[in-house]
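Please treat every number below as a calculation from the coordinates, not as lab data. Just so we're clear, the structure is a prediction, and the values are computed from it rather than from any experiment. Backbone-built Cβ (ideal geometry, glycine too); neighbour counts: all protein chains shown.
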Amino acid sequence: MCSTLLALNCSYTGVSSLEPLASCSSLTTLNCSSMQHVSSLAPLTSCTALTSLNCSCTLVSSLDPLASCTALTDLRCSGNIRISSLYPLSSCTALTTLCCGATNIKSLEPIASFTALKVLYCDYSAISSLEPLASCAALTTLDCNSTEVSSLEPLASCTALTTLDCNRTAVSSLEPLASCTALTTLDCSRTDVCSLEPLASCIALRNLICDEPLETDLEFLSRVSVSFGYESDSESDGEDPRLDWGLWGDD
């Protein structure tokens, strides 16, 4: 019977193991998020038809079993602080959505071959470079907030980018975004950015969160809805809603 199962949602349950799914070779969609006792994805090695997996907020520490799941297009593994590497995903080149925020991931290197990737959440992780994204020309949404990223240079080739959140990083220049003319939403608050002038070519930009702009930026900002970093801090009492791990994976 399990061999014909196509989709399963067992999130927020007390199930402690995915072992019964080892024989579900036809499974394409699995949501096992917020299952506080699940620690291994090993049974999914045989689920080679899997296209969508949400294992956010579990005790999973390794993505190794997913190396054989080459049909994956949507993976959400956020909130798993034990996960430290994306290298097992190197063969999952069909991925279009990857949410791996609030993990201990230090490198995005495997993503360099994900040419179909459109959505990436790597916020609250240990990454320091966006270099692998230079080849992700299809990328439309990127959230790298609260990381050690200091340069947006690789995004110069991501001309399809519409949404970018790089707040709480060491980014000091928005120059690479001059070519991202499709950009509609940008959060660059609490960074080292000192000029918004590179955004003048981003004619689609409508929503901007930044620190206090310079006087030279004011003319450009007349067509943009602007809020300042300290205002958003006040509204949230200084807490990011994603720290409620129950929200992870729903981006």
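Before moving on, here are some points about what is shown:
- Residue within the stretch 191-211 that is surrounded by fewer than 19 Cβ atoms within 10 Å (Cβ to Cβ), over 20 Å from the mean Cα position of the chain (by Cα) and closer than 20 Å to Lys118 by Cα present: yes
- Subset of the stretch 186-207 [over 16 Å from Ser151 (Cα atoms) and out of contact with any Asp or Glu (no Cβ under 8 Å at 6 or more places or on another chain)]: Ala200, Ser201, Cys202, Ile203, Ala204, Leu205, Arg206, Asn207
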